[in-house]
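See below for the structure under consideration.
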Protein chains: 2
Amino acid sequence: MPSKLTVGDLQVIRRVAVFRGLKPETVEHIIAPATAVTLRRHERIMRQGDPATAFFIVIDGWVKLYRSTLSGDEAVIETMTKGDSFAEAAAFTGSRYIASGEAVTTARVGRIPADHLAKCIYENPLIASSMIASISTHMHHLVQQVEHLKVQSGVQRVAEFLVSLALANQDKSAVALPYDKVLIAAQLGLTPESLSRAFARLKEVGVAIDAAKVVVKDVAKLRQIAVNDRGSVRGSLRTMH
Amino acid sequence: MPSKLTVGDLQVIRRVAVFRGLKPETVEHIIAPATAVTLRRHERIMRQGDPATAFFIVIDGWVKLYRSTLSGDEAVIETMTKGDSFAEAAAFTGSRYIASGEAVTTARVGRIPADHLAKCIYENPLIASSMIASISTHMHHLVQQVEHLKVQSGVQRVAEFLVSLALANQDKSAVALPYDKVLIAAQLGLTPESLSRAFARLKEVGVAIDAAKVVVKDVAKLRQIAVNDRGSVRGSLRTMH
């Protein structure tokens, strides 16, 4: 059930990128009618094709955005966590959600009604600029993802994923995988088998995976692999998708 | 050299999606300082990382948007043709181009200065809404592309590409490939060899490729393959990247 925002919710929501550059009172005005909901794992927050009645901010946990294909497959577009917002563009343009959103861990998500957002923007066009900046950031991430899917080998994508985890973590010796390996594979555009093979290959450079924990000995080396996998190995790794 | 817009240029530019929903006089005001340039093949119109001083509209020909990776690879993000616009988000937010743009055929491209756009939006916030709608469309395409790269086999992507070509063509019997096969492969996230294998495989369903011409006998069948490649074949095709 949606509930009013707690003090903790507000602390996260006020700081999201979508509100950057706006005056505190403007932000308070936008989020005045916001609610938050705690989702169980696998619970859905928005459905692809439904009218966009709100946009969302992840307060805690992980949410995956995915599309259902005509053949019944599921394509994971992105995974979102604390401080990430999604569906701003659909809410802003009053169109339909282009993806579904589902909690992959217990997750708390803030919800800001689209009709209220439209009213705020009408009253204060500056909000439109900050929304566009936020939408541009999403687009940038999508462009990077297209780049990686087209150019990087599976091992490179896994290496890059682990580097980003290690860098987000203060204690670089052991990193918890944020969600299960099936989802990690889907997010990276790999089959679960290819992900396992990539993990096995990365053992050679000191990456140890034990259940949901990863130990990365040498982040710099891993980053080097992400950028430029050895040519000789690469040809064969390219076929690992 | 940039030149004033011709009558033919204006006919294309006035109809682009980015101006949809705006009054004719508003569109005229936005495009008042626009120029157009005819690019030779391989000539660049914008460079990744440069400050975004304009956004662009393809009037004729094909332009590829691509990113240069740290390892020296080139990732083709999208190919744009008549009526497509690009770099609106970067121009709007006054940030930097996130990709480079280069003509892949002789191409004519309209250029609308970013500073003028900012002034127009300041005077008339409605323009922001139509810009966001256009940026949303780009995002939708990127999301679909991520979906296809993650879920579809190489053959499926090639089938989908040929279906879209066939549908854009009135006479469905013979379709000209819009640009060379190396670029088609890059756009679809395939190696040139994988593209050749996909073409060979699609011969079985009546697709004939002769130099830069493709004859598609059965568009419906091709579309079916794009949506749902036969499971048994698919496993092996998935490894064709």
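The values are calculated or read from the model by the stated rules, or taken from the named source; none is laboratory data. Predicted, not measured: the structure shown is a model, and the values here were computed from it. Here the Cβ positions follow ideal geometry from the backbone for every residue, glycine too, while neighbour counts run over all protein chains shown. Heavy atoms of the whole protein, side chains included, go into the accessibility calculation; ligands, DNA and RNA do not. Shrake-Rupley method; radii C 1.70, N 1.55, O 1.52, S 1.80 Å.
Only helices reaching 20 angstrom along their own axis (Cα) with mean Kyte-Doolittle hydropathy no lower than -1.0 count here, and for the DSSP H runs of chain A these are A:126-151, A:154-168. Each copy carries a label point for A:Asp115 at 7 Å from Cα toward Cβ; from one copy, the others' points are 4.3 nm away, ordered from shortest. With a cut-off of 11 Å between beta carbons, the residues surrounding B:Val16 carry a summed charge of +2, where Lys and Arg count +1 and Asp and Glu -1. Taking all protein chains into account, the per residue accessible area for chain B stands at 46 Å² (1.4 Å probe).
Dipole size of the protein assembly as shown about its Cα centre, with +1 on Lys/Arg Cβ and -1 on Asp/Glu Cβ: approximately 840 debye, rounded to the nearest 20. Helical runs assigned H by DSSP (4 residues or longer) give the protein assembly as shown a calculated mean residue ellipticity at 222 nm of -13500 deg cm²/dmol, each run adding -39500 (n - 2.57) before division by the residue total. Taking all protein chains together and a 1.4 Å probe, the residues B:Lys23, A:Lys213 rank B:Lys23, A:Lys213 from largest to smallest accessible area. The other copies place their B:Gly206 label points at 6.0 nm from this one, listed shortest first, where each point is 7 Å from Cα along Cα→Cβ. In the stretch A:66-109, burial by the other protein chains removes 20 Å² or more of 1.4 Å probe accessible surface, compared with the chain on its own, from A:Arg67, A:Thr69, A:Leu70, A:Ser71, A:Asp73, A:Ala75, A:Ile77, A:Ala89, A:Phe92, A:Thr93, A:Ile98. In the Gaussian network model of chain B, springs joining C-alpha atoms below 10 Å, which of B:Asp84, B:Asp73, B:Asp60 carries the largest mean-square fluctuation? Sorting by GNM fluctuation, first place goes to B:Asp73.
In terms of distances greater than 22 angstrom between alpha carbons, the cross-link table entries B:Lys181/B:Lys217; B:Lys150/B:Lys203; A:Lys82/A:Lys181; A:Lys64/B:Lys64; A:Lys82/A:Lys221; B:Lys64/B:Lys213 yield B:Lys150/B:Lys203; A:Lys64/B:Lys64; A:Lys82/A:Lys221. Projecting the alpha carbon convex hull of the stretch B:164-206 along each direction and taking the average yields 3.3 nm².
Between B and A, roughly 3900 Å² of accessible area is buried in total, ligands, DNA and RNA not counted and the probe set to 1.4 Å. Sorted shortest first, the distances from the B:Glu74 label point to those of the same residue in the other copies are 3.9 nm; each point sits 7 Å from Cα along Cα-to-Cβ.
Between A:Leu177 and A:Ala208, the modelled label-to-label distance comes to 1.7 nm, taking each label 7 Å out from Cα in the direction of the beta carbon. Close amide-amide hydrogen proximity is noted between A:Val175 and A:Val214, A:Val215, A:Val216, each under 5 Å apart and 5 or more residues distant or on a separate chain (H modeled in the peptide plane; Pro and chain starts excluded).
Mean separation of Cα pairs under 8 Å and 6 or more residues apart, divided by the residue count, gives chain A a relative contact order of 20 percent. State the Cα centre-to-centre distance between the stretch A:146-189 and the stretch A:107-127 in whole Å. Here the answer is 32 Å between Cα centres. Potential lengthening of the chain between B:Arg96 and B:Ala32 amounts to 20.7 nm, from the contour at 0.36 nm per residue minus the alpha-carbon distance. For the protein assembly as shown, the percent of C-alpha pairs falling in each 10 Å distance bin, counted from 0 to the bin holding the largest distance, reads 4, 18, 27, 28, 18, 5, 0.
Where the alpha-carbon atoms of the stretch A:22-63 are placed on the principal axes, they occupy 35, 25, 15 Å, in descending order. In a simple Cβ point-charge model (Lys, Arg +1; Asp, Glu -1; nothing else charged), the stretch B:1-156 has a dipole of about 200 debye relative to its Cα centre. When the Cα positions of B:Val175, B:Ser130, A:Val7 are compared along the charge dipole of the protein assembly as shown, B:Val175 comes out farthest toward the positive end, with charges on each C-beta of Lys, Arg, Asp and Glu. The heavy atoms of A:Val182 offer some 100 square angstrom of accessible surface to a 1.4 angstrom probe. Report P(r) for the stretch B:7-145: all Cα-Cα distances, bin width 10 Å, range 0 to the bin holding the largest distance, values in whole percent. Final binned percentages: 12, 45, 35, 7, 1. FRET efficiency for the A:Asn124 to B:Thr106 pair, using the beta carbon distance and R₀ = 60 Å, is estimated at 0.85.
Computed log10 I(q)/I(0) for chain A at 0.09, 0.15 Å⁻¹: -0.43, -1.07, from the Debye equation with unit scatterers placed on every C-alpha and solvent omitted.
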